[in-house]
Amino acid sequence: MSTPAAPLLRVQDLSLAVAHSGTRVVDRVSFTLQAGELVGIVGESGSGKTLAARAIMGLEPPAIRRIGGEIEFAGRSVPAMTPAELRDLRGARVGMVFQEPMTSLNPAMRVGRQLEEGLIRHTKFAPDERRRLIAEMLLRVGIDADAALQAYPHEFSGGMRQRIMLASVMLLKPALLLADEPTTALDAVVQREVIELMVGLARDHATAVLMISHDLAMVARYTQRVIVMCRGEIVEQGPTEQLLRQPQHPYTRRLLAAMPRRSPARAVAAAPPLVDVRQLVVDYGSRRGLFGKGPGKRALHGIDITIQPREVVAVVGGSGSGKTTLGRAIAGLLQPSAGEIRFDGQRLGTTDAAVWRDYRLNCQMVFQDPNSSLDPRMSVGALVGEALRQVPGLSRAQRQARIVESLNEVGLDAGHASRFPHELSGGQRQRVAIARAVIRRPRFVIADEPVSALDMTVRAQILELFAALQERHGFACMFVSHDLAVVEQVADRVIVMQDGRIVEQGSRDAVFDQPQHEYTRRLLSAIPALQASGDGGVRLKWRIEDAGTAAAQAARPLGLIG
Amino acid sequence: MLGFIVKRLLMALPTLFIVAVSVFVLVRLVPGDPASLLLGDMATPSALADLQRRLGLDRSLPAQFGIWFSHVLQGDLGQSITSQQPVLPLVWDRFLVSGRLVIVAVFLAVLVAVPAGMIAAWRQNSLTDLVLVGTSTLLLSIPTFWLGLLILLLFGLKLGWLPVVGHVSFAQSPGHALMYMIMPVLTLFLHEIGVVMRMARASTLEVLRLDYITHARAKGLSEREVMWRHAFRNSFGPTWTLIGLVLGNLLGGIAVVETVFSIPGLGRLLVDSIFGRDYPVIQGCLLFVAFVYVVVNLVVDLLYPLFDPRVTAS
Amino acid sequence: MKRFKRRLAPNAWIGGLIVGSLLLVAGVGAFWTPYDPLALNFTAQLAPPGGDYWLGTDEFGRDVLSRLMVGATTSAWISLLSVGCAVLVGTALGVLTGYLRGAVDRVIMAFNDALMAFPGILLALGLMAVLGANRYGIIGALAVAYTPSVLRVVRGSVLSLREREFIDASRVMGNSGLFTMGRHVLPNCVAPLTVLATSMFGWALLAESALSFLGLGVPPPAPTWGNMLAASRSHFDEAVWLGIFPGICISLTLLGINLLGDALRDRFDPRMRGLQ
């Protein structure tokens, strides 16, 4: 290439620490960014990536102090700027997009006004010129301008709010865009649309992008260079493809190894189905008693599913697809309006107490949020032991033994039994939830997004644990998830849901390699197919999304991009 | 929006109704013949019989309530035993006196306390914050009757600056009336600053943590613009609700301040009527104050969307 | 308990110290005071603080310190009883309505809202008119006046806890609804209830003092801080200390309760928010 120009952003030995305790949260971080470049910072929670990014604009939270290092933007030192100079910098030269679309727009101010604010602050356009620019930008991001300007943020969905946020930031044509987990809180399909929009806008205006994320696959897809952070330090950085293919640092390798990939297909023995769901219909507001107004919204429109013993069936879909409702209905937490559920041949009606008791012993559930699924006032031992209440004939000593055995099975030791949930990490809490679910050796486990709230490396461990337990104890499993990548690793069969209906189902390989339904294809286009490269790294291949016929799709192998 | 208003108005009606029922039942709980309770010991037998018929005491309790309620709706709250005057005008006059004090005091308190609370939140954990929080906690821990006594002691007795006892109505002499108002208003003002400042600080802290504040800063807005345009409106909601509660509370609790400064207000009326067993007045005061309280909270709720547009959506 | 390992904030220390002292004095005052608080002593009327009588005497020669101590006992006792009743009834009803919902919930809440339509002390005043102006009247009136707040808070807690996943987990385990309420929901209501109860103790103390000040509370000659303040008004010129000490007692106590309440709220709140 030509002679290297001066970098747009230069961070040198940046160190940040918690003000009153001195603990370092960012430790001697150094990297550069050229104009127009797309660079990603990848790390798990506690890596310090968000704090480092915020420091670039001088927006560290008040509890954090810069204790060393330099930040230079376009040749000028940011920490040395006066407050007025910083205010000129923010918005006009450096823009930031935030993670949580629900809370990043002022709920009490109309959208039009919020968009105008930046323009008023940094430019000298006349009011109608401003309006024209705003309308143009809203069109570019796919929002109807007339409706939007006078509306309040809460009238828009999460994805649309994120587009508005992008519009607001890009209106000022900043030279650098900091994107802090911009799509994490969004649905899988919407995620991709928003990211593509963001990258497109950046290309339009030659804006450099610093993309901060825990999602390595997404970062790998769109960036030219990647920086990997762990516990406040940069462990490795380099051109994206090369870093993926030949990772040097052990942490990078761990990260790459933790990316979900297809496991070998298993043969599930044919047998009469353990769980047989027929024409299940669930309506909101269908709980006991009338709700007054009408039948309410229909969450499930006549679902048919069967699950064989020892089989892992994954149910995927976006929010509003009904997958969680399905899980809860099968677990007996919701009353269906119609249809039947059979377990081991027995029909689950509401009358027969013995049938329910038997079902409860044999069907257990693991929930998504380890913060919310464990009673904060109970110790780990009590939490796991509570499941044994319904099991007759256990002496105290036997109970204790079973509890310890269960804890060991999930990778915890007996000492953990006396701890409380808030003293454990997210991964440990989920292990406790799993221990609680399997201690009774159920024959069927429903797992509702069990790893969605976890860091990538922890996620990999938990999935491994789950698979090991499933092998050992042989329970059937219904695995509900929005994340197809995870599903690729764990499932034998896949069911895709949209708007309360099943749109596709089949064996895992069939659905992933030859998707029939358009929605399935859209979901698949968002996740990479991993191939291990020789040196402990991976090569990512992306499927192209195509509206072609099923036959054409079947004839074509995975589209190769990147 | 219209739906929100109508819904809120409709919600207030059953509350008002049950309030009326409660007051009716409360007074009927007092042992003894209701008619002689309402007329007092000096009533003549014929007056008693007359009232018994008017109240419908020979009929069922719900019927009696119906009769009483219809009188209330027409503005007839009975007659005071001690002064022989109709209750409603009496209560209304006293209400004007008390209401004036309360509104002025709360208004001034909000004017001072909300900015102070926001500043305390802005400079959280600094010396300013500590001083402000300490002051507000101290102020709200001092009971209003003692604070009033101390102020009376200081400004009235020791320094002799302000008149100690009494009240002059605005109609007679505005200047004098103001002078008599200063000390009671000061008492209430100081106490309510403590209450309002804490809420303002707490709700501002909540708001400052949210992403849209950082986003506003990221746009390059100055701190003042961020606080005023973004933080204030969103944080004021809970404080606004609190103001409604405070106004209501003061309508009842002002009795102690009125006692200290010998002001003929609504609180004093209620207390005196309890001492004098003047049941029509007791009933009238309870009904009136509860009614005003419901209306005040209704107005507060109706104006809430100004601060948080999200409430109209649900 | 193991979870309370975090150091207590200065708020809690000061507040706890003050409240602890109050309760201590109240406890002692039930059994012993330097002088008989009711004994009339016409030789030592309106004696200023110092000497034999540490805080002076009132117009009847009664020792102010002793009267303050007994006043502490009375006020503490009344407040504890009224708050205790309110907590018991309010919690029972709150759990009931939160669990059952439906028609029962709506009816009880309608009455609750109506009771809350009477601002604070007004309800107490109204009830006093019926129950009579004495200490049992106060306890009853305050208990009724505070029950709605407890009901609201407990019901709110129950409603939000019902949505938490560990409640679902308990049902899936096969526990009955009743067991789940008792074992999981109720213990998790304790935290906000404790914060509220602490605040209510302060409100009750203030209310009792105010009512006694107005003459509607504990009748003389039994001393309570409120009625001592009321009586002091006629002797401001000669014996200003009569109006100072009772006021200091009330203010200090309320300050302590407020500080303690704040500290409790800070401690419990982040925990309730889901363990960051």
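Could you work out the helix-only [θ] at 222 nm for chain A, with each DSSP H run of four or more residues adding -39,500 (n - 2.57) and the total divided by the number of residues, to the nearest 500 deg cm²/dmol?
Numbers: 20 runs with 195 residues, N = 562.
So the helix-based figure for chain A works out to -10000 deg cm²/dmol.
Classify segment A:327-398 as rounded, prolate or oblate from the Cα gyration tensor: take a ≥ b ≥ c as the square roots of its eigenvalues, call it rounded if a/c is under 1.5, otherwise prolate when a/b beats b/c and oblate if not. Working shown, then result.
Details: a/c = 3.10, a/b = 1.43, b/c = 2.18.
Oblate.
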- Task: Rounded to whole Hz and in sequence order, give me ³J(HN,Hα) for segment C:145-156 from the Karplus expression 6.51 cos²θ - 1.76 cosθ + 1.60, θ = phi - 60°, writing x for Gly and Pro.
- Result: 5, 9, 4, x, 5, 5, 4, 4, 5, 5, 4, x
- For chain A, what is the percent of antiparallel DSSP beta bridges, rounded to the nearest 5? 55 percent
- Item | Length-normalised contact order of chain C in % [C-alpha pairs under 8 Å, at least 6 apart] | 25 percent
- Query: For peptide C:242-251, how many partner chain Cβ atoms fall within 10 Å of a residue's Cβ, on average?
  - Reply: 3
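Just from its helices, what would the mean residue ellipticity at 222 nm be for chain C, if runs of 4 or more DSSP H residues each count -39500 (n - 2.57) and the sum is divided by every residue, rounded to the nearest 500 deg cm²/dmol?
Numbers: 10 runs with 195 residues, N = 276.
The per-residue figure over chain C is -24000 deg cm²/dmol.
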- By how many degrees, 0 to 90 and rounded to 10, does the Cα axis of helix A:158-170 deviate from the longest principal axis of chain A? 10 degrees
- Task: Please express the Cα-Cα pair-distance distribution P(r) of segment B:96-278 as a list of whole percents, one per 10 Å bin, running from 0 to the bin with the greatest distance.
- Result: 9, 32, 28, 18, 9, 3, 0
- Query: Of all the stretches in chain A, which is the longest one without any exposed loop site, taking chymotrypsin sites (Phe, Trp or Tyr not before Pro) in a DSSP loop (any state but H, G, I, E, B) with at most 16 other Cβ atoms within 10 Å?
  - Reply: A:292-562
- Expressed as a whole percent, how much of the Cα-Cα distance distribution for segment C:64-269 exceeds 28 Å? 38 percent
- Message: Given N residues in segment B:62-108, what is its alpha carbon radius of gyration divided by 2.2 N^0.38 Å?
- Response: 1.56
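Antiparallel versus total DSSP beta bridges in the protein assembly as shown: what percent is that, nearest 5?
Once the DSSP bridges in the protein assembly as shown are tallied, antiparallel ones form about 55 percent.
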- Along the positive direction of the dipole of the protein assembly as shown (beta-carbon charges: Lys, Arg +1; Asp, Glu -1; about the Cα centre), which of A:137, A:367, B:189 reaches farthest? A:367
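Based on a Kirkwood Rh over C-alpha pairs, give the Stokes-Einstein translational diffusion coefficient of chain A at 20 °C and viscosity 1.002 mPa s in µm²/s.
Numbers: Rh = 26.0 Å.
Translational D for this selection: 82 µm²/s.
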- A student applying the Cα gyration tensor rule (rounded when a/c is under 1.5; otherwise prolate if a/b is larger than b/c, oblate if not) would label segment A:9-257 prolate
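Report, as an integer, the average count of C-beta atoms from other chains found within 10 Å of each Cβ along B:144-150.
Values: counts 3, 10, 13, 2, 0, 9, 3.
The per-residue average across the peptide is 6.
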- Non-local amide H neighbours of residue A:235 (under 5 Å, H modeled in plane, Pro and chain starts lacking H): which ones? A:228, A:229, A:230
- Task: First check a/c for chain B, with a ≥ b ≥ c the square roots of the eigenvalues of its C-alpha gyration tensor; if it is under 1.5, answer rounded, and if not, answer prolate when a/b is larger than b/c or oblate otherwise.
- Result: oblate
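Taking other Cβ within 10 Å of each residue's Cβ, how do B:38, B:13 sort, fewest first?
Working: B:38 20, B:13 10.
Fewest to most other Cβ atoms nearby, the residues stand as B:13, B:38.
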- Nearest-20 debye value, segment B:96-278 charge dipole, Cβ charges on Lys, Arg, Asp, Glu: 360 debye
- Item | C-alpha center-to-center spacing [segment A:50-104, segment B:76-150] in angstrom | 44 Å
- Message: As a test, work out the antiparallel percent of DSSP beta bridges whose residues both lie in segment A:170-265, rounded to the nearest 5.
- Response: 55 percent
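Counting only C-alpha contacts under 8 Å and six or more residues apart, can you give the relative contact order of segment A:9-257 as a whole percent? Before the final figure, lay out the partial values.
Working: 445 pairs, mean separation 71.5, N = 249.
Computed value for segment A:9-257: 29 percent relative contact order.
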- Query: Averaged across the residues of B:227-239, what count of C-beta atoms belonging to other chains lies within 10 Å of each residue's C-beta?
  - Reply: 2
- Among A:409, A:311, what is the fewest-to-most ranking by other Cβ atoms within 10 Å? A:409, A:311
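What translational diffusion coefficient, in µm²/s and rounded to a whole number, does the Stokes-Einstein relation yield for segment A:1-150 at 10 °C and a viscosity of 1.306 mPa s, taking the hydrodynamic radius as the Kirkwood radius over Cα pairs? Could you put the intermediate results ahead of the total?
Numbers: Rh = 17.9 Å.
Estimated via Stokes-Einstein, D reaches 89 µm²/s.
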- Item | Ratio of Rg to Rh over the protein assembly as shown (Cα coordinates, Kirkwood Rh, two decimals) | 1.02
- Contact order relative to length for segment B:96-278, counting C-alpha pairs under 8 Å separated by 6 or more residues, stands in percent at 33 percent
- Query: If one puts a single equal scatterer on every Cα of segment A:144-232 and applies the Debye formula without solvent, what log₁₀ I(q)/I(0) results at q = 0.20, 0.24 Å⁻¹?
  - Reply: -1.02, -1.33
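Using the Cα centre as the reference, give the magnitude of the dipole from point charges on the C-beta atoms of chain A (Lys, Arg: +1; Asp, Glu: -1; all else neutral), rounded to the nearest 20 debye. All intermediate terms of the calculation are to be shown ahead of the outcome.
Working: 69 positive and 59 negative charges, 167 e Å.
Its charge dipole is roughly 800 debye.
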- Normalised per residue, the volume of the convex hull around the Cα set of segment A:299-424 (Å³): 156 Å³
- Task: State, in angstrom, two size descriptors of segment B:11-125 derived from its alpha carbons: Rg to one decimal place and Dmax to the nearest whole number.
- Result: 21.6, 72
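Rule-based calculations on the coordinates, nothing more; no lab input. Source: prediction; values computed, not measured. Every residue, glycine among them, receives a Cβ derived from its backbone with ideal geometry; neighbour counts consider all protein chains shown.
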